[in-house]
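Sending over a structure as structure tokens; questions will come in a sec.
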Amino acid sequence: MRKRQIFRVLLPVIALAALSGCSSIEPWVKPYERDRLADPIMFMDMNPVSSAYIYHVYEAREGARGGEGMAGGGCGCN
Amino acid sequence: MGSRNAHVFLYALCFLIRFCLVSHSPESFSKQGRDLGLQSTWKKLAIAVALLGMGQQAFASVLAEDRTDFLYHRYDGGGVTIDGPSVLVRKSVGKSVSLSANYYVDMISSASIDVITTASPYTEERTQYSLSADYLRGNTTMSMGYTSSTESDFDANTYSLSLSQDMFGQLTTLTLSYAYGDDTVGRSDDPNFSEDNSRQQYGVGLTQILTRNMIAALNVEVITDEGFLNNPYRSVRFLDTNSPVGYSFEPELYPRTRTTNAVGIRTKYYLPYRAALEAHYRYFNDTWDIESHTGSIAYVHPWRDFTFTAKYRYHDQTGAHFFRDLFARSEATNFRGRDKELSPLRSQTMRLSAAYEFISDGWNFIDRGTVNVSLDYLQVEYKEFRDISTGAPLGSEPFYALDATILQVFFSFWY
């Protein structure tokens, strides 16, 4: 039980410490290598107005919802 | 400043995770949830639009492009026709703010299997307005949105917030989102009938550049509903020896809470000859015992000024624990539903779409313009919901199946 409590306290600290060091991570895909990802055909959501509509149709016709959204789709090269 | 924003973002992340854990304690999960029905689909669209408005701007450390879309949509299948316009306008103000507005209308003419067997065909109109604002500061984008949906017997309001952070040399985008919705449910035949729903939606999204040809996105979404979640018009049927046909109908009764969980992963790959391949998978479950797997694959192929897309989507789900096509007697169980969308089912969709870029070198203030035509063919096979309109003997009616065509025609302008 005590180990679990220690783990609960330490886990966020370790996670934050790990993340705070992330700024030194070297991008393995350089900005000048992102031309293909910047092509509109690679956009995760090419037409938001159309996607919103079709998700609505699926949610009306099926019992599931969520998890379809776009977390971004960006490559920093817009 | 970028480092400071990252710390603020991480703090917010911790806060949201903690908030989610508290909100979804075992006690919360133990409450049975429920929703769906024709009316509730409106509120889901409100959330979808709100979140899409937030999601599309999460394009690394830049605001979404200024663009306007004029869309006409038409759904035709299963005795239901729904059509109308949707207009989406997005415009930046200065270098840090982007505003968007959406106007959407559904004009519904319904003689669905539910309607023809238990009620009368009807027409209805729903109007929805959405507004959102994005604020970009460093590598952080903050967004807020509001959506209002109204129809004669249903009103929905949704308020949304999101926070998006680019990290690791803009290889990674992390997005947190939260939305709150409240609905008022009425009945067109009873002005005194009024019930409320509330809904909270938590989302975490991660977009990751994997290689110079491949990008992936992970989305986790938890939605909780509480209130009057069934359709006030829909009925269940039960065995009744006093009825000439052997059964009668009584109103549905759903649990007053529902929690749904969805995890989706989407990846897109750039092919060597300038084309794209996209795959998506989603796992879903909820406190009503619905579990589903959804997968799709799409191929995008540009050719001269055209862009062609072909897509196949597959969905398979189990049914809600309180769904029955035919109950053994009146009030046989605590909760009762016969919404076909809560039945075990399988759906498949085929899509073909084409876009033509008719403005590519600029015209007045417009940089680019496209016209798009998209046609989906949707087929749904219900595994326990029977078609009682056939008049077949009780218990041997064929399982219901539905075919629908979904047409979208839209113009898009970038400026």
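Over the Cα atoms of the stretch B:241-282, how large are the radius of gyration and the largest Cα-Cα distance (Dmax), in Å?
Reported Rg and Dmax, both Å: 24.2, 69.
Still on this structure: How many Cβ atoms of partner chains, on average, are near each residue of B:93-105 if near means within 10 Å of its Cβ?
Values: counts 0, 0, 0, 0, 0, 0, 0, 1, 0, 3, 0, 4, 0.
For this peptide, the per-residue mean of nearby foreign Cβ atoms is 1.
Just tell me how shielded B:269-278 is by partners: mean number of partner chain Cβ atoms within 10 Å of each residue's Cβ, no decimals. It would help to have the intermediate numbers written out before the result.
Working: counts 2, 6, 2, 1, 0, 3, 1, 7, 0, 4.
That works out to 3 on average.
Also: What FRET efficiency comes out for B:A332 versus B:A119 if R0 is 25 angstrom and r is the Cβ-Cβ distance? Round to the nearest 0.05. Show your work: numbers first, answer last.
Details: r = 22 Å, r/R0 = 0.89.
With R0 = 25 Å, the Cβ-Cβ based efficiency is 0.65.
If packing is taken as the mean number of other Cβ atoms within 10 Å per residue, what is the order of B:271-284, B:338-351, highest first?
Numbers: B:271-284: 16.3, B:338-351: 21.6.
Ranking the peptides B:271-284, B:338-351 by packing returns B:338-351, B:271-284.
Please compute the modelled spin-label separation between B:V89 and B:L394, points set 7 Å along Cα→Cβ, answer in nm with one decimal.
In this crude spin-label approximation the distance works out to 5.9 nm.
Another question, if that's okay. Could you tell me the center-to-center distance, by alpha carbons, between the stretch B:279-303 and the stretch B:233-253 in angstrom?
35
Moving on to the next point. Give me the extension gain from B:D182 to B:D367: residue separation times 0.36 nm, minus the current Cα-Cα distance, reported in nm with one decimal.
Fully extending the segment from B:D182 to B:D367 adds 62.6 nm.
Sticking with this one: What's the long-distance tail for the stretch B:90-216, i.e. % of Cα pairs beyond 17 Å?
Working: 5711 of 8001 pairs.
Of the Cα pairs, 71 percent sit more than 17 Å apart.
Could you calculate the FRET efficiency of B:L407 with B:K383 from 1/(1 + (r/R0)^6), where r is the beta carbon distance between them and R0 is 25 Å, rounded to 0.05? Mind dumping the intermediate values first?
Numbers: r = 28 Å, r/R0 = 1.12.
With R0 = 25 Å, the Cβ-Cβ based efficiency is 0.35.
When the gyration tensor of the stretch B:331-415 is built from Cα positions, what are the square roots of 5 times its three eigenvalues, in whole Å, from largest to smallest?
Working: eigenvalues 427, 43, 15 Å².
Equivalent ellipsoid semi-axes, largest first: 46, 15, 9 Å.
Calculate I(q)/I(0) for chain B by the Debye formula, one identical point scatterer on each C-alpha and no solvent, and give its log10 at q = 0.08, 0.09, 0.14 Å⁻¹ to two decimals.
One equal scatterer on each Cα of chain B leads to -0.49, -0.62, -1.50.
Here's another thing I want to ask about it. Calculate the length of the line joining the C-alpha centroid of the stretch A:41-63 to that of the stretch B:97-126, in whole Å.
When both Cα centres are located, 17 Å separates them.
Among A:K30, B:K383, rank each residue by its count of other Cβ atoms within 10 Å, from fewest to most, as a rough exposure measure.
By the 10 Å Cβ count, ascending, the order reads A:K30, B:K383.
Which of B:Y254, B:Y122, B:Y269 comes first, and how do the rest follow, when ranked by fewest Cβ neighbours within 10 Å? Intermediate values should be presented prior to the final figure.
Working: B:Y254 25, B:Y122 14, B:Y269 17.
Lowest to highest Cβ neighbour count: B:Y122, B:Y269, B:Y254.
Where a number appears in this text, it was derived from the coordinates with a stated rule and is not lab data. Bear in mind that the values here come from a model prediction, so they are computed numbers and not experimental data. Cβ coordinates were reconstructed from backbone atoms using ideal geometry, including for glycine residues, and neighbour counts include every protein chain displayed.
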